Structure formats: C-alpha cells, structure tokens
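Inspection log for the structure reproduced underneath, given as structure tokens.
The values are calculated or read from the model by the stated rules, or taken from the named source; none is laboratory data. Just so it is clear, the structure is predicted and the values come from calculations on it, not from any experiment. As a convention, Cβ positions derive from the backbone with ideal geometry for all residues, glycine included, and neighbour counts pool all protein chains shown.
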C-alpha cells in the first residue's frame, strides 16, 4: 500500500530556468525505484502537492506542475525566496532529493466531465493550474470535457512559465488560450491588462462551466 508520508528517493533529471529574472526554476524529478513510480502515478491527481526535502536543509511543500502523461517525471516550479528554495536552486541534474506525496485532494476532475472548463491564473501561482490544463489535453481525456479556456496573466512576457509547452497550446484547436501582461510591451501581440479586466473582456460563458 502506498504511504504518501514515507520519503521517496528521487533524482533531478532536468532543470529549466522559467523566468527572465531567473527567480523561478522548474525541476523534473525521476524515481529511483520503479515500484515508487507506479504507486505515485496510480494516486496522483492534478492539484495535489508534495513535500520535498534536502538533507541538512529541511523540507517544504510544492504543487505538482506536470500531468502524468508527460513522462515518468514529476515537475515542480520553485521560486527562490528562502533558505530551502535557495538550496534547491543550486542543485543540478543528477543530484538526489527526497519527496513525500502526493498529498492533498486535487481538483474534482471526475465531477467536471461533460462541462466547460475555465482556468484563470497569474504569475507563478499557475503551476498546478498548468498541470490541470495539461491533464485535460491528454488525447484519451480531452473528449470527456467540453470547451477548455485558459486565461493566464503575468506582469511582463519574461515572467510567464512553461513558454515552450504553452506555445504548443496555440497550435491546437481544442483549447482557447488568452495571455495577458499588465502593461504594453513592444512586440507583444496578445492581451494587455490585469487578469480580471481581460476576463471581463473575453466574457467566457458561465453556462455549464
């Protein structure tokens, strides 16, 4: 039986600096043991979080920022703001780290089947919402839901997360994506304005949403 409170040995497979100011970095962790991988993904749901721990540095909770279908890794996007987060930002591919989870209830995705989905987020709080959108876009899952709309805002273009992945969303016809920045920037071709204002302008339907 999977015990979410027992530390799982993990290893950093890949790191990505997400923002131009280099304050946010994503870490893709892989499992040292196949049995742990199977147990984790059997339980994981978008919206859950895990506790990451570094020996001698402590432990902290982070929302999972990946969908199960993306690969045999678990992604976390971490803002460099304290002792623990500064320590993890210094880590590199191949380094060992411990993880507990998944924890929390996750989003009630089973209850949403057959409904329109509206996801609204901003800044680095978009991590678990990104995981939710990625989950819904899986080929075997997308048809279970109706319209999928994502409104995502940031202060400036360089502060958006997951730029490569989100660029692929624009090429799909089964997701309505709206990105917005606070103030005009040369070369920006999407929305300008705060997220509540942009949401009002887009005016997504509340029916069956």
Requested in this report: Enumerate the pairs (first residue in the stretch 174-192 and within 26 Å of residue 145 (Cα to Cα) and not assigned by TED's automatic domain parsing to the domain that holds residue 143; second residue anywhere and part of a strand (DSSP E or B) and at pLDDT below 90) with beta-carbon separation below 6 Å, excluding pairs fewer than 6 apart on the same chain, so at least 6 apart or on different chains.
Outcome: none
Query raised in the report: Just to be sure, is residue 199 touching a residue at least 60 places away in the same chain (Cβ under 8 Å) and more than 18 Å from the chain's Cα centre (by Cα)?
Result: yes
Query raised in the report: With (1) in contact with a strand residue (DSSP E or B) (Cβ under 8 Å, 6 or more places away or on another chain); (2) crowded, with 18+ Cβ neighbours inside 10 Å; (3) in a loop (DSSP other than H, G, I, E, B) as the list, and residue 91 as the residue in question, which single condition is left unmet?
Result: (2)
Requested in this report: Considering only the stretch 1-15, state which residues are more than 13 Å from residue 100 (Cα to Cα) and without any contact (Cβ under 8 Å) to a residue 24 or more places away in the chain.
Outcome: 1
